[in-house]
1. Filter segment 46-88 down to residues that are of a type in the set (D, E, K, R) and buried (at least 21 other Cβ atoms within 10 Å of the Cβ) and give me whichever is nearest to residue 29 (Cα to Cα).
2. What single numbered condition from (1) under 26 Å from residue 165 (Cα atoms); (2) part of a helix (DSSP H, G or I) fails to hold for residue 77?
3. Go through 162, 147 for me and flag whichever is in a helix (DSSP H, G or I), within 30 Å of residue 225 (Cβ to Cβ) and among the small types (Gly, Ala, Ser).
4. When you scan segment 204-232, how many residues do you find that are within 21 Å of residue 56 (Cβ to Cβ) and assigned to a loop (DSSP other than H, G, I, E, B)?
5. If the requirement is being in contact with a Leu (Cβ under 9 Å, 6 or more places away or on another chain) and either touching a residue at least 40 places away in the same chain (Cβ under 8 Å) or under 30 Å from residue 134 (Cα atoms) (or both), which of these qualifies: 155, 171, 208?
6. So which pairs qualify, if the first residue must be in segment 125-140 and within 25 Å of residue 71 (Cα to Cα), the second must be of a type in the set (Phe, Trp, Tyr) and surrounded by 13 or more Cβ atoms within 10 Å (Cβ to Cβ), the Cβ gap must be under 9 Å, and the two must be at least 6 apart or on different chains?
7. Look through segment 205-230, keep the residues that are under 14 Å from residue 175 (Cβ atoms) and aromatic (Phe, Trp, Tyr), and return whichever of them is surrounded by the fewest Cβ atoms within 10 Å (Cβ to Cβ).
Amino acid sequence: MPRDGTGLDLGTDLAHALDAAMFAEDRLGFTPDPWQADLLRSTAMQIIVNVARQTGKSTTTAIKGLHTAIYDPGLVLLVSPSLRQSRELFSKVIAFLKDLQPAEILEEDNKSSCTLANGSRIVSLPGDARTIRGYSAPKLIIVDEAAYVEQQMFIALRPLRAATPGGCQLILLSTPNGRQSGQYFFETWFRGEDWHRYEVRAAECPRISSEFLESERRELGVLFSQEYELHFIDAESAVFSSELISACFVDDFEPFLS
């Protein structure tokens, strides 16, 4: 049977190109949950995912980004609220990339970007609108913890999609962060048009036990409904303000090296 440059037979490689969930299982050894498989296969141009913590959202989109880079060569942008978080998401992509069997060739690899032999670039960026200038025509934009990314970043991101041949897929994923006026994730979830929506509560994740959730419910009080049940709670109802919670997701300081 004819084989491509990866060593795979052409039929298998074509199947992987058309089905990112099959690609995840066959080449990464990752068996997705039903919602993850559906998201991996989705061709919707605008996707928003309202999802509880520790349900596999970053893992799923890391695979989505890698699959796009391999089978639809071009620019993939990974955006997170802080430098630390953007590198964390990028590290998931790199870990999957290095686990691929057969292997993919890397032409460049550093802390925040890599280039594949097919010319694709995967770039991770913190949620600062100033960092996005200079990029154009991405094939895929993934915004992780989107409820904690400033609205100015979304204003800067959207025009990048205008010149992408065939269109640019945009994926927003996050746990809720209250009902702040003008918050892009909140407004898009409830009022956005032409968005494909996913909602994944913690109780729906087979890896999170009911015992753990009951313990969290006792410890977190009303905040449990936001973190695990996906309610957009008013700041007045929460134990901690939305601003304080947001601050926990920002850590752009590089370690001091003597």
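The values are calculated or read from the model by the stated rules, or taken from the named source; none is laboratory data. A quick note: this is a predicted structure, and the numbers were derived from the prediction, not measured. Ideal geometry is used to build each Cβ from the backbone, glycine not excepted, and the neighbour counts take in all protein chains shown.
1. By that ranking, first place goes to 64.
2. All conditions pass for residue 77, except number (2).
3. Checking each option against the conditions leaves just 147.
4. Count: 9.
5. 171
6. Matching pairs, first to second residue: 125/135.
7. 224
Residue-wise test of (1) touching a helix residue (DSSP H, G or I) at 6+ places or on another chain (Cβ under 6 Å); (2) in a loop (DSSP other than H, G, I, E, B).
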{"site": "48", "(1), (2)": "yes, no"}
{"site": "65", "(1), (2)": "yes, no"}
{"site": "85", "(1), (2)": "no, no"}
{"site": "90", "(1), (2)": "no, no"}
{"site": "118", "(1), (2)": "no, yes"}
{"site": "125", "(1), (2)": "yes, no"}
{"site": "156", "(1), (2)": "yes, no"}
